[in-house]
Each structure stands twice: as structure tokens, then as C-alpha cells.
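Here the structure comes first, spelled out in C-alpha cells, and everything after it is commentary.
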């Protein structure tokens, strides 16, 4: 009977955006390899590891997007929890296609940028992914990880747009509104997924997590 009850217990997913890199806020790096955390990003990763270790229920697993900046953010978290980092391709950054590596200042001058910000549900990056595909992929990853760890707390290190899209899916808001959410580097966003509707416990948290729990 206890095992049967565990199958229906929800899971808590602690989403973490990777730390700052040399291109944060300047370039759209996408999935290009070789981008590592800056010195500031490494400090942020160490600090968020301390915050996550203070959670009332210690996470049982740490997952990360395969990109270097996500893996490097996940490493100190896993170390603080005495766990290993597991890769989760579903947490990958959006495929920005031909826009990969472009400077944000230049992209903001393009007429398509208005669609990226105001009507992302109908936008596809040239030779890349649509925001709808991004959201479906990332939400499926969160649901699958939650099902894999029923009744447990897990960490998932990802990127800004994937986390914003996941929050929109959890809240049931239109994808066209997802750009209204801010997800800062090494911020923490926490969801409860499983039986029933998802619950969003916090978004873009940069403070103490010790008292975080569903009401």
C-alpha cells in the first residue's frame, strides 16, 4: 500500500537558469558549443548551490541541459547534495537556427523581433525551432522527470526561454505572454507536478529557499 500511494505523490522540480557567461545580455548563443561560465557565473553557481542545499527536502537528483554553461552550473549543486549531474536533452536551449551567435542589439532592430516579443506563438527561428516546439519539448521533459522521481524533489538546470516557457505551461497562460516573465541568471523557479494541476511555488527567486513548501 505505501508503494501504491507513492505513485500518486507529486514531485517538486527546482528549475535553475545557468550562471552568467561572457555573452549574457549581449549575444544569442543558443546551442553553440564552447560557451563557459564567467568568473561571476561561477560565483553565482556556488551561491545557488548553497541555497538549494538549504531546501527543507534535499533533492534526490540533479539534471542539466547538455550545454557547458548548464553543466557547470549544475556541478556545484550536485556536489553540495552529494549527487552526480545527469544530462537531460529536453532542457536544452532553444534552437535559434540562423540567429545563433547574433548580437542582441542587431536582432532588436529586425522587424521580426516584435513577433519574438509579442506573438512568439507564431514565430519560428529561421532554420531553427518554433517557440511552440520549445515549450512542448521542455514541458514534456519536466513532466517525464517528475514521473521518474515521484514524491521527490529534483533540480533541473536549463536556460531562460525554456524556463519561461515551462512556467507559462504550468500556469496555463498563452504562449504569447511568456516573454513577460523574467528569469535571471542562477535564479530559482519551483514547480510541483504530478497528480492534478501543476503548482508554481516561486519564479525567478534570488533569495532564501529554506522555507519553501506548498501551502
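Mind checking which of 15, 171, 191 has the largest fluctuation in a GNM of the chain, springs on alpha carbons under 10 Å?
Greatest mean-square fluctuation among the candidates belongs to 171.
Which FRET efficiency value, to the nearest 0.05, do you get for residue 32 and residue 148 by plugging their Cβ-Cβ distance into 1/(1 + (r/R0)^6) with R0 = 25 Å? Display every interim value, and only then the final one.
Working: r = 29 Å, r/R0 = 1.17.
Taking R0 as 25 Å, the efficiency between residue 32 and residue 148 is 0.30.
So between residue 68 and residue 140, what do we pick up on full extension, going 0.36 nm a residue minus the alpha carbon distance? Don't skip to the end; give the middle numbers.
Working: separation 72, 0.36 × 72 = 25.92 nm, distance 2.22 nm.
Gain in length upon complete extension: 23.7 nm.
Please build a GNM for the chain, connecting alpha carbons under 10 Å apart, and tell me which residue among 92, 67, 81 fluctuates the most.
Ranking 92, 67, 81 by mean-square fluctuation puts 81 first.
How many nm separate the modelled label positions at residue 204 and residue 177, each set 7 Å beyond the Cα in the direction of the Cβ?
That separation, rounded to one decimal, is 1.5 nm.
Measure out, as a whole number of angstrom, how far apart the alpha-carbon centroids of the range 64-94 and the range 172-195 sit.
Centre-to-centre (Cα) distance: 19 Å.
At R0 = 35 Å, how high is the FRET efficiency between residue 115 and residue 79 if r is their beta carbon distance? Nearest 0.05 is fine.
Details: r = 42 Å, r/R0 = 1.19.
It comes to 0.25.
Would you compute, from DSSP H runs of 4+ residues alone, the mean residue ellipticity of the chain at 222 nm, taking -39500 (n - 2.57) per run and dividing by the full residue count, rounded to the nearest 500? Intermediate results must be reported in sequence, preceding the final value.
Numbers: 7 runs with 75 residues, N = 215.
Helices in the chain give a 222 nm mean residue ellipticity of -10500 deg cm²/dmol.
Contour minus end-to-end for residue 40 and residue 58, with contour as 0.36 nm per residue of separation and end-to-end as the Cα-Cα distance?
Numbers: separation 18, 0.36 × 18 = 6.48 nm, distance 2.57 nm.
Result for the pair: 3.9 nm of gain on full extension.
If each Cα of the chain is one equal point scatterer, what is log10 of I(q)/I(0) from the Debye formula at q = 0.11, 0.14, 0.18 Å⁻¹?
Results for the chain at q = 0.11, 0.14, 0.18 Å⁻¹ read -0.50, -0.81, -1.31.
Only the coordinates and a few stated rules stand behind these numbers; no lab work does. What you are looking at is a predicted structure, and each value in this text was computed from that prediction instead of being measured. Using ideal geometry, Cβ is built from the backbone for each residue, glycine included, and neighbour counts are taken over all protein chains shown.
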